[in-house]
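Heads up, the thing below is written out as structure tokens.
Nothing in this text is a laboratory measurement; each read-out follows from the coordinates by a stated rule. Fair warning: this is a prediction, and the values are worked out from it, not measured in the lab. Cβ placement follows ideal geometry from the backbone for every residue including glycine, while neighbour counts extend to all protein chains displayed.
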Amino acid sequence: MRRNPVEEGKRWLEQASEDLYWAKDLAERGGYHIACFLAQQVAEKALKAFLYAMGEEVVLGHSVERLCRDASEFDNSFSEKLGRWSILDGYYVPTRYPNSLPDSIPARVYTADAAREAVRLATEVVEFVRRKIG
């Protein structure tokens, strides 16, 4: 049986909110690279929450930019956020894999400022989606 679209969206948004809690915690405790990665995941899940709430049955992909474009097909106000939020896509791979950073590793490259900004953007996405789907 298919879930109610709004309830499915809220379920995804709840997980995004839980992940946001841990992204903030890691950013405060020095796990900057993982906080940045989690911030990207939070935004991805929040945007998927919106798309599920709009009735989409299958939402694939990990790109915040792409998901934001998809969301703008239902609500054009997402297109205004695309440029800012798509920055988070840069945290999907290089925050986790040393081969993305020649001569270094993610744990040494990402800073408190980067983590704070990533968490701030992720928070913005969650709050924006929450206002849209309740």
Segment 54-96: chymotrypsin sites (Phe, Trp or Tyr not before Pro) in DSSP loop, at most 15 other beta carbons within 10 Å: Phe74
How large, in Å, is the chain by the Kirkwood hydrodynamic radius built from its alpha-carbon pairs? 14.8 Å
To the nearest 20 debye, what is the magnitude of the charge dipole of the chain about its Cα centre, counting +1 on the Cβ of each Lys and Arg and -1 on the Cβ of each Asp and Glu? 140 debye
For segment 1-71, which semi-axes, largest first and in whole Å, follow from the square roots of 5 times the eigenvalues of its Cα gyration tensor? 25, 13, 7
Could you give the C-alpha radius of gyration of segment 44-94 expressed as a fraction of 2.2 N^0.38 Å, taking N as the number of residues it contains? 1.07
Please work out how much length the chain gains when fully extended from Ser104 to Glu57, using 0.36 nm per residue of separation minus the C-alpha to C-alpha distance, in nm with one decimal. 12.9 nm
Compute the FRET efficiency between Tyr21 and Glu73 as 1/(1 + (r/R0)^6), taking r as their Cβ-Cβ distance and R0 = 30 Å, and round to the nearest 0.05. 0.50
Here segment 118-127 yields Karplus 3J(HN,Hα) values (6.51, -1.76, 1.60; θ = phi - 60°; whole Hz; Gly and Pro given as x) of 4, 5, 4, 5, 4, 4, 4, 4, 4, 5
What list of ³J(HN,Hα) couplings, whole Hz, do you get for segment 56-67 from phi and the Karplus terms 6.51, -1.76, 1.60, once you set θ to phi - 60° and write x for glycine and proline? 5, 8, 10, 10, 10, x, 10, 6, 4, 4, 5, 5
Please list 3J(HN,Hα) in residue order for segment 27-32, calculated via the Karplus relation 6.51 cos²θ - 1.76 cosθ + 1.60 where θ = phi - 60°; whole Hz, with x for glycine and proline. 4, 6, 9, x, x, 4
As I understand it, the dipole of segment 59-128 uses +1 on the Cβ of Lys and Arg and -1 on the Cβ of Asp and Glu, about the Cα centre. Which of Ser77, Tyr91, Leu60 lies farthest toward its positive end? Tyr91
Hey, what number do you get for the chain at 222 nm if only DSSP H runs of n ≥ 4 count, each worth -39500 (n - 2.57), divided across all residues, to the nearest 500? -21000 deg cm²/dmol
